[in-house]
Amino acid sequence: MVRCGCALLRKYGNFIDNLRIFTKGGSGGMGYPRLGGEGGRGGDVWVVAHKNMTLKQLKNKYPQKRFVAGGGANSRVSALQGSKGKDCEVPAPVGISVTDENGQVLVTTLRPELGKIMYNDFKQISVADLPGLIEGAHMNKGMGHKFLKHLERTRQLLFVVDISGFQLSSVTPYRTAFETIILLTKELELYKEELQTKPALLAINKMDLPDAQVKLQELMKQLLSPEDFLHLFETKMIPEK
């Protein structure tokens with residue numbers, strides 16, 4: 001099946017930059033039923049991150065903003081299996097999110113990353129990376145319970161939060177770093193209150209972005225006196241503890 005549609009690339013820093021593009025997968029080739037031949041699969045469209053790329057450069061390089069993969073080759077007597085169509089790559093900046101025209105996230109993590117850290121004395125600890133916990137995870141939204149159940153077996157939690165905040169898609173509200181921390185805490189509480197008793201650390205990333213230090217100072221004030229800022233939240237968003 002050929003898939004086509006629009007994708008929205010979003011970049012977050014000290015400003016938000018959006019770029020809407022048209023994408024279409026390649027159509028499959030014709031088969032050769034009499035001899036059992038199969039047409040080649042259509043090509044795929046890939047979003048490939050490049051460190052030195054910006055959305056403005058992408059727009060200037062591809063003003064039509066159309067990315068169409070090649071069609072698969074037809075089956076023939078000399079080659080019953082048609083070759084796959086040529087893939088099409090969309091060069092994009094590092095750190096973007098990609099959504100479709102309905103705001104659904106196209107690029108996400110489907111399973112936790114599990115690994116081990118070994119120290120010089122050969123002691124080991126197991127680490128589970130659970131990215132993308134979203135609002136409503138306790139109700140099994142997104143990867144919800146599949147991710148949250150891993151937290152029950154952990155001894156300590158490490159929250160990694162973007163200093164610029166977070167927005168899942170164009171149809172969901174933007175959350176500041178402080179709001180993200182509060183909401184993550186609330187999600188754990190709603191899923192299983194016992195998770196709040198686990199030792200936890202907080203790491204703030206993307207500190208190389210413009211105005212990151214200013215935002216960090218503001219976040220520190222909020223974390224030191226959270227009660228002074230809870231009036232900004234709906235009651236249902238505020239953790240009990």
Mind counting the residues in the range 21-42 that are open to solvent by 60 Å² or more (accessible area, probe 1.4 Å) and assigned to a strand (DSSP E or B)?
2
When residues of the range 212-230 are limited to those that are assigned to a helix (DSSP H, G or I) and of a type in the set (A, V, I, L, M, F, W, C), the one farthest from the chain's Cα centre (by Cα):
Leu224
If the requirement is being on the phi > 0 side of the Ramachandran plot, assigned by the TED database to the domain that holds Ile125 and surrounded by fewer than 18 Cβ atoms within 10 Å (Cβ to Cβ), which of these qualifies: Lys149, Lys221, Lys206?
Lys206
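Going by the conditions given, is Glu152 under 18 Å from Leu130 (Cα atoms) and touching a Pro at 6+ places or on another chain (Cβ under 7 Å)?
Details: under 18 Å from Leu130 (Cα atoms): yes; touching a Pro at 6+ places or on another chain (Cβ under 7 Å): no.
Spelling it out, it is not the case that Glu152 is under 18 Å from Leu130 (Cα atoms) and touching a Pro at 6+ places or on another chain (Cβ under 7 Å).
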Please give the number of the condition Ala7 fails out of (1) modelled with pLDDT of 90 or more; (2) within 17 Å of the chain's Cα centre (by Cα); (3) of a type in the set (Gly, Ala, Ser).
(1)
Unmet requirement for Leu188, which otherwise passes all of (1) modelled with pLDDT under 90; (2) outside any helix (DSSP H, G or I)
(2)
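Does Leu55 satisfy being under 30 Å from Leu151 (Cα atoms) and at pLDDT below 90? Reasoning before the result, please.
Values: under 30 Å from Leu151 (Cα atoms): no; at pLDDT below 90: yes.
Here the answer is no, as Leu55 does not meet what is asked.
The values are calculated or read from the model by the stated rules, or taken from the named source; none is laboratory data. All of these numbers come straight from a predicted model, not from anything done at the bench. Glycine also receives a Cβ, built like all others from the backbone with ideal geometry; neighbour counts cover every protein chain displayed. Side chains included, ligands, DNA and RNA excluded: accessible areas come from the protein's heavy atoms. Shrake-Rupley method; radii C 1.70, N 1.55, O 1.52, S 1.80 Å.
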